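These notes concern the structure reproduced below.
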Amino acid sequence: MRVSKEQKASIFAWLQRLVGAGVVVTAIPAVISVLVMGVIPDKYFYMIAPVYAVIAALVVWRLARGSKKLWQSALWVLAGVLLVLVNIHAYSSSRSVDSFLNAVQQPNVSYVEYTVIAKKDHGVSLDSARSVGMIGTDTLHDKSSKALADITAAPQSSYDNLTVLTERLNDGGIELAAIRKANLDILQENYREFYDSVATLATYKVRGDDQATASEVDTTKPFVLYISGIDTYGEVGEVSRSDVNMLMAVNPSKRTILLVNTPRDYYVQLHGVVGAPDKLTHAGIYGIDMSRQTLSDLYGVEIPYYVRLNFTSLVKMVDVVGDITVESDYAFKSFQAGKNTLDSKRTLEFARERYSFEDGDRQRGRNQQKVIEAIIAKMSEPRNLARYESILSTLQSSLQTNMSRNSIASLVKMQLNDMKGWKVESMSVDGAGATRQTYSMGAMPLYVMIPDSASVEIAKREIAKCLQ
């Protein structure tokens, strides 16, 4: 059956009206979502918006008016379909950005996971246990005690620190011990014989202190950001030791960034804590704010913002942006002195290694700075703009920050406004190895790094200089 010209014209007339309506219907949410997203610089928006409006109006008008010639109708229908696709892509892209900005926000309520442990060879269960010990100085002691009572009816007792608690469990003074799950990492590193002798019988979560949102970032003014790298794989929100402790002093007007690395074993007074100093890495056990505020005390500078990531985040980041190039100070393992092109797996190995160096953790900190510099450079490449949806989708579950959504959007908008590069400089503070008692482990002496006051003072001056 052949279709007449009149029938073809009727079909195209119907199709034109349908496509024209599609342009209008998809344009409205697309424009609204782009405006709400808030990352497109004004100069681009005011440049593109009028052109788009004229083109869209012309296409809709021609589709509504119709054309006598079928080939003209077909062209306008094609133009309308293309506009619909553009609108859908704009909406999808802005929703991806919006989803990312919302996903990386810290939760208003945090939870700390605890674990109940017992000696493997004592045959104790939660129901049969006659005693359970806790750390009395834990800031969440009362909440933990209440939650623990729902797990075991064993009478509770409190001890000054982790060392005393584990000794009582080891010598049979108590049958169970309830500790923060992150403390197991300390036991594994410093008390391996005991760590191997215990088993986990239960875990439970306790609501931590509500988190306060930091103030908005003024992208025209300098600020300091704390980068915390936790020693875990998986969920970035998990409370853990902070093995990467880096300050990023940012001066937007000068386009300069100063990275200041503080070794994980730095012997510092934990913020608001009375008693012995502790390793900086242990501050992470008590939450991200403890690490941030402890560094604020050390350097005498306000650190309102943080970004938290774990080793999984690092792998994902390089997988998305592509291989990075770092300059290694030494030849070690599979790395050569000089330039090395690294995929995600080798990036992780490069960033974690410390036993191959005489400087140990200090050199690891320098290598981590090199990785961050390389990622910043890679992210600044214009070609990575085309991958931004994939980048955002991959990273939104790998990062956590207390910067507000509007602050992050403002920083992205500033970068897109001129696409200027950043001058990144790095430095580390120094210290001397020693053995000392710590707040977390009590009388058990641990390896620490006694801060070199001269290097700390130099870091303070350089941070102040960057912020001017």
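Here is a yes/no grid of residues against (1) under 29 Å from Ser390 (Cβ atoms); (2) out of contact with any Leu (no Cβ under 8 Å at 6 or more places or on another chain):
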| residue | (1), (2) |
| --- | --- |
| Ser242 | yes, no |
| Asp289 | no, yes |
| Thr294 | no, no |
| Glu302 | no, yes |
| Val318 | yes, no |
| Ala331 | no, yes |
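Results for (1) surrounded by 17 or more Cβ atoms within 10 Å (Cβ to Cβ); (2) of a type outside the set (Gly, Ala, Ser); (3) outside any helix (DSSP H, G or I); (4) on the phi < 0 side of the Ramachandran plot, shown as yes or no for each residue.
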{"position": "Ser407", "(1), (2), (3), (4)": "yes, no, no, yes"}
{"position": "Ser410", "(1), (2), (3), (4)": "yes, no, no, yes"}
{"position": "Lys420", "(1), (2), (3), (4)": "no, yes, yes, yes"}
{"position": "Gly433", "(1), (2), (3), (4)": "no, no, yes, yes"}
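For Ser397, state whether it is among the polar types (S, T, N, Q), open to solvent by 60 Å² or more (accessible area, probe 1.4 Å), within 30 Å of Glu113 (Cα to Cα) and assigned to a helix (DSSP H, G or I).
It is false that Ser397 is among the polar types (S, T, N, Q), open to solvent by 60 Å² or more (accessible area, probe 1.4 Å), within 30 Å of Glu113 (Cα to Cα) and assigned to a helix (DSSP H, G or I).
Looking only at residues in segment 1-46 that are assigned to a loop (DSSP other than H, G, I, E, B) and of a type outside the set (Lys, Arg), which one is modelled with the lowest pLDDT?
Across segment 1-46, the extreme among qualifying residues is Met1.
Looking at segment 32-44, which of the residues that are open to solvent by 20 Å² or more (accessible area, probe 1.4 Å) and in contact (Cβ under 8 Å) with a residue 12 or more places away in the chain is nearest to Ser404 (Cα to Cα)?
Gly38
Keeping to segment 252-275, report how many residues are open to solvent by 10 Å² or more (accessible area, probe 1.4 Å), among the aliphatic types (A, V, I, L, M) and either over 26 Å from Lys465 (Cβ atoms) or part of a helix (DSSP H, G or I) (or both).
Result for segment 252-275: 2.
Quick check on this structure: which one of Ser291, Ser356 is among the small types (Gly, Ala, Ser) and either free of Cβ contacts under 8 Å to residues at least 60 places away in the same chain or in contact with a Pro (Cβ under 9 Å, 6 or more places away or on another chain) (or both)?
Ser356
If we keep just the residues of segment 444-468 that are of a type in the set (Gly, Ala, Ser) and touching an Asp or Glu at 6+ places or on another chain (Cβ under 9 Å), which is least open to solvent (accessible area, probe 1.4 Å)?
Step by step, filter segment 444-468, then rank; the result is Ser455.
Filter segment 156-190 for residues that are under 15 Å from Ala118 (Cα atoms) and part of a loop (DSSP other than H, G, I, E, B) and give the result.
Those that are under 15 Å from Ala118 (Cα atoms) and part of a loop (DSSP other than H, G, I, E, B): Asp171, Gly172, Gly173, Ile174, Glu175, Lys181.
Residue-wise test of (1) within 30 Å of Leu411 (Cβ to Cβ); (2) part of a helix (DSSP H, G or I); (3) open to solvent by 20 Å² or more (accessible area, probe 1.4 Å); (4) without any contact (Cβ under 8 Å) to a residue 40 or more places away in the chain.
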residue: Ser99; (1), (2), (3), (4): yes, yes, yes, no
residue: Asn102; (1), (2), (3), (4): yes, yes, yes, no
residue: Tyr114; (1), (2), (3), (4): no, no, no, no
residue: Ile117; (1), (2), (3), (4): no, no, no, no
residue: Asp121; (1), (2), (3), (4): no, yes, yes, no
residue: Val124; (1), (2), (3), (4): no, no, yes, no
residue: Asp127; (1), (2), (3), (4): no, no, yes, yes
residue: Met134; (1), (2), (3), (4): no, no, no, no
residue: Lys146; (1), (2), (3), (4): no, yes, yes, yes
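From the list Asp343, Asp278, Asp297, Asp319, pick out the single residue that is in contact with a Ser or Thr (Cβ under 6 Å, 6 or more places away or on another chain) and open to solvent by 30 Å² or more (accessible area, probe 1.4 Å). Full working, then the answer.
Values: Asp343 fails: in contact with a Ser or Thr (Cβ under 6 Å, 6 or more places away or on another chain); Asp278 fails: open to solvent by 30 Å² or more (accessible area, probe 1.4 Å); Asp297 fails: in contact with a Ser or Thr (Cβ under 6 Å, 6 or more places away or on another chain).
Unique residue meeting the criteria: Asp319.
The values are calculated or read from the model by the stated rules, or taken from the named source; none is laboratory data. For clarity, every value in this text was computed on a predicted model and none was experimentally measured. Positions of Cβ are generated from backbone atoms using ideal geometry, with glycine treated the same way; all protein chains shown enter the neighbour counts. Only protein heavy atoms, including side chains, enter the accessible area calculation; ligands, DNA and RNA are left aside. Shrake-Rupley method; radii C 1.70, N 1.55, O 1.52, S 1.80 Å.
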